[in-house]
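Engineer: Please read through the structure below; I'll follow up with questions.
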Ligand code: NAD
């Protein structure tokens with residue numbers, strides 16, 4: 001049935017996710033520090049709040065889709081400080097550390113309410129088309145309670161285990177995505193430098209063993225994958241700043257579990273350097289191809 005849903009963080013992903021919830025018949029209560037982001041949702045029928053405690057008090061379920069650990073933690077502290085309803089379920093769909101999930105879960109359950117992690121994969125296109133994969137960490141009962149709502153935004157809702165296990169799955173996926181992205185960037189460049197036609201070579205790799213999401217749906221070379229950010233000068237999509245953040249989280253969980261990640265840590269260094277230089281921080285992370293092609297990757 002129709003629910004009151006709070007949504008905090010209406011960026012590249014959250015804007016479309018909130019829209020899909022409205023389209024599914026839910027009543028949306030939204031917040032973002034960006035006024036244009038709020039205005040877009042207001043035009044679709046959502047109620048805009050400046051005060052997130054008030055937003056949460058009017059919501060059966062609150063979803064957060066924010067940039068990073070520090071912002072997610074700060075936002076929840078602000079909500080909790082104002083007092084929360086015991087029957088509200090909080091779902092964080094941002095990509096953050098499993099440790100932060102466990103600490104927020106404890107804080108919120110101490111106040112009698114529920115908190116679970118449900119990070120997503122599928123990119124901005126997946127958010128727009130409601131085909132995201134949700135990776136849920138929580139109890140079986142919590143998973144069953146939120147599943148129908150998540151289904152309005154995604155096509156696969158996976159129960160990964162206890163609190164933090166959604167993030168565990170998400171971080172592993174993103175490490176692999178970064179590895180294949182840099183891999184396909186250098187592969188495409190090598191093919192093009194040898195004189196191969198980029199489109200023809202992409203068709204070959206996409207029907208051969210080198211195929212991946214990075215080569216097929218998200219090719220970093222402009223003019224190959226119709227919906228790839230490379231076709232619009234790497235605007236929108238999944239920013240270099242965000243993949244650098246995710247790979248930092250990957251590095252921590254790898255250290256905690258004593259797991260060797262030679263390629264993952266190389267990607268972490270590459271994206272952290274790119275991000276620190278600042279020039280491409282806001283561009284989609286497939287911009288790594290452009291930087292590499294121009295001989296500026298270090
Ligand atoms: P984004 O930067 O486009 O959106 C973040 C939004 O949060 C912005 O609209 C910003 O104004 C808002 N915001 C920042 N601080 C705030 C605060 N204190 N209170 C309220 N709003 C605040 O980021 P995104 O690409 O939508 O990603 C969001 C999260 O989802 C990140 O954790 C990211 O790693 C993850 N993610 C992104 C993708 C992707 O392809 N873009 C895919 C999967 C997961």
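The values are calculated or read from the model by the stated rules, or taken from the named source; none is laboratory data. In this text, all values refer to a predicted model and were calculated from it rather than measured experimentally. Glycine also receives a Cβ, built like all others from the backbone with ideal geometry; neighbour counts cover every protein chain displayed.
Engineer: Any idea how many residues of segment 20-38 are touching a helix residue (DSSP H, G or I) at 6+ places or on another chain (Cβ under 7 Å) and either assigned by TED's automatic domain parsing to the domain that holds residue 283 or farther than 19 Å from residue 79 by Cβ (or both)?
Structural biologist: 0
Engineer: Residue check: is residue 183 more than 16 Å from the ligand (Cβ to nearest atom), free of Cβ contacts under 8 Å to residues at least 12 places away in the same chain and over 30 Å from residue 10 (Cα atoms)?
Structural biologist: In short, no.
Engineer: Test residue 118 against the criterion of being in contact with a helix residue (DSSP H, G or I) (Cβ under 9 Å, 6 or more places away or on another chain) and surrounded by 17 or more Cβ atoms within 10 Å (Cβ to Cβ), and give yes or no.
Structural biologist: The answer is yes for residue 118.
Engineer: For segment 124-145, give me the residue count where each residue is in contact with a strand residue (DSSP E or B) (Cβ under 6 Å, 6 or more places away or on another chain), more than 14 Å from the ligand (Cβ to nearest atom) and either part of a helix (DSSP H, G or I) or within 21 Å of residue 237 (Cα to Cα) (or both).
Structural biologist: So the answer is 2.
Engineer: Next question. Might you check whether a residue that is part of a loop (DSSP other than H, G, I, E, B) and closer than 22 Å to residue 1 by Cα occurs anywhere in segment 103-113?
Structural biologist: Checked segment 103-113: at least one residue is part of a loop (DSSP other than H, G, I, E, B) and closer than 22 Å to residue 1 by Cα.
Engineer: Next question. Restricting to segment 121-151, what's the tally of residues that are surrounded by fewer than 18 Cβ atoms within 10 Å (Cβ to Cβ) and over 22 Å from residue 67 (Cα atoms)?
Structural biologist: 8
Engineer: Turning to a different aspect of this structure: I need a count of the residues in segment 66-96 that are surrounded by fewer than 22 Cβ atoms within 10 Å (Cβ to Cβ) and either in contact (Cβ under 8 Å) with a residue 60 or more places away in the chain or part of a helix (DSSP H, G or I) (or both).
Structural biologist: The total comes to 12.
Engineer: Residues that are loosely packed, with under 15 Cβ neighbours inside 10 Å, at least 1 per element: which helices (runs of 4 or more DSSP H) completely within segment 185-298 meet that?
Structural biologist: Output list reads 198-206, 240-256, 262-277.
Engineer: Could you identify the single residue in 111, 44 that is under 24 Å from residue 16 (Cβ atoms), more than 11 Å from the ligand (Cβ to nearest atom), touching a helix residue (DSSP H, G or I) at 6+ places or on another chain (Cβ under 8 Å) and at pLDDT 95 or above?
Structural biologist: 44
Engineer: While we're looking at this one, here's another question. Given the conditions (1) within 23 Å of the chain's Cα centre (by Cα); (2) at positive phi, which single one is not true for residue 83?
Structural biologist: With respect to (1) within 23 Å of the chain's Cα centre (by Cα); (2) at positive phi, residue 83 is out only on (1).
Engineer: Moving on. Can you pull out every residue in segment 114-123 that is more than 17 Å from residue 72 (Cα to Cα) and either away from the ligand (no atom under 16 Å from the Cβ) or outside any helix (DSSP H, G or I) (or both)?
Structural biologist: 121, 122
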